[in-house]
Amino acid sequence: MKSYPVEFRQKILDCYYNEPISQRQLAKRFCVTLSFVQKLLKQYRETGDVRPKTYRCGRHLKLTPEQMIVLGTLIEENNDATLAELSKLFLERTGIVLSVATVARIAERLRITRKKTLHPPARETERVQKLRQEYKVSGWVELNIR
């Protein structure tokens, strides 16, 4: 729903302060809800401003643009790293804890794809072998698909 124009809001305030009229009657006269009149008067008393609030909902970004650039470079430098590993690397570099979901959202916002490159030489690296061993230990059977 669109906000009421500032001129309309000012008319309501002028009417309220210049005429002996209740808030309920004021709402009826201008065809608005009583709660709108109450909120408008409260906003004017607290801030002295009648303009509609610009930002109402949604989440604020957790990172500054500089920190997003740092995360972007980490993702590009370590493109084979998992989200958890990227989160850990970011913590080491900046001291800020990020959840796995936040890392994924920011990578998406930066339009960085995280395609894994698992070429035959990379399959034999120590890190991959360690991950395979941990996977075996966790109770799952490794499938040899070639």
So, in the range 3-33, exactly how many residues are in a loop (DSSP other than H, G, I, E, B), touching a residue at least 40 places away in the same chain (Cβ under 8 Å) and surrounded by 15 or more Cβ atoms within 10 Å (Cβ to Cβ)? 1
Of all residues being surrounded by fewer than 10 Cβ atoms within 10 Å (Cβ to Cβ) and in a loop (DSSP other than H, G, I, E, B) in the range 34-56, which is modelled with the highest pLDDT? Just the residue, please. Gly48
Which one is surrounded by the most Cβ atoms within 10 Å (Cβ to Cβ), of the residues in the range 91-113 that are polar (S, T, N, Q) and touching a residue at least 12 places away in the same chain (Cβ under 8 Å)? Thr102
For the range 21-40, does any single residue satisfy the condition of being within 30 Å of Ser87 (Cβ to Cβ) and of a type in the set (A, V, I, L, M)? no
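The values are calculated or read from the model by the stated rules, or taken from the named source; none is laboratory data. On a predicted model such as this, the values are computed, not experimentally measured, just so you know. Please note: Cβ atoms are built from the backbone with ideal geometry, for glycine as well, and neighbour counts cover all protein chains shown.
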